[in-house]
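Report on one structure; see the data block that follows.
FYI, it's all coordinate maths here, none of it is from the lab. The model shown is predicted, which means the values in this text are computed figures rather than measured ones. Neighbour counts are summed over all protein chains in view; Cβ atoms, including those assigned to glycine, are modelled from backbone coordinates with ideal geometry.
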Amino acid sequence: MRVFLIGFMGSGKTTIGKPLAAKLGYRFIDQDDILEERFGMTITEVFAKFGEPKFRETEHEVLNELCQLENIVVATGGGCPCFFDNMEMMNQHGISIYLKGDPKTLVHRLKDSHGTRPLIKDKTEQELIQYITDKLAERDQFYSRAKYTVQALNLKVEDIFQLLKGIKSRF
Ligand code: S3P
């Protein structure tokens, strides 16, 4: 079984994904880490040096490769579901779960770490709130294609584990 955690930056994909993988006895993969390894630089540097289109192309290639692996939990990049046919690929090859966060929660979580994320690195708190609100509205049409949606706020690993246990027999 392959589990793809999707959602906006700060929705908790990595935080939940790691213990979830451990509980399932699966391998945890952070898609951004693979991309950083592949380019040999940070995501911020990739955006600056090659631009977003090149990043998205490689992100798509990496997703394609991940779809060949077994028993994995993937924390996907926040924008990954919104490019190419990535959402369809995830749904075809695994179980996609959308960690849905509201702008207020996301801003709170991103406030201190946004320096490492190229799309939001130079934004003030006020700009960040506006950016997240706009981007969420734009991305909703993609995120909402996930097979399952869970609320990111106060999300427990156990909640997703139980959800997967119920459907695992089908995979
Ligand atoms: C992005 C989210 C980031 C990373 C890149 C672009 C986005 O991943 O892939 O900075 O477009 O939302 P996280 O969601 O893991 O921060």
*Subtract the Cα-Cα distance of residue 121 and residue 23 from 0.36 nm times their separation in residues, and report this length gain in nm to one decimal.*
31.9 nm
*So what does log10 I(q)/I(0) come out to for the chain at q = 0.08, 0.15, 0.17 Å⁻¹, using the Debye formula with one equal point on every Cα and no solvent?*
-0.22, -0.82, -1.07
*Relative contact order of the chain, defined on C-alpha pairs under 8 angstrom at six or more residues apart (%)*: 35
*What is the packing order of peptides 8-21, 116-129, taking the mean over residues of other C-beta atoms within 10 Å and listing the highest first?*
8-21, 116-129
_Longer than 21 Å from Cα to Cα, which of 18/49; 49/111; 13/135; 13/54; 18/168; 49/121 are they? Say none if no pair is._
18/49; 49/111; 13/54
*Could you check the simple spin-label distance between residue 104 and residue 158, using points 7 Å along Cα→Cβ, in nm with one decimal?*
2.6
*With a point put 7 Å past each Cα toward its Cβ, work out how far residue 50 is from residue 113 in nm, to one decimal.*
2.3
*Amide H partners (placed H, <5 Å) of residue 28, local residues excluded*: 73
_Sites residue 88 and residue 61 - FRET efficiency at Förster radius 25 Å, r taken between beta-carbons, to 0.05_ = 0.95
*At 0.36 nm per residue, minus the direct Cα-Cα distance, what do residue 14 and residue 42 gain on full extension? Give it in nm, one decimal, please.*
8.4 nm
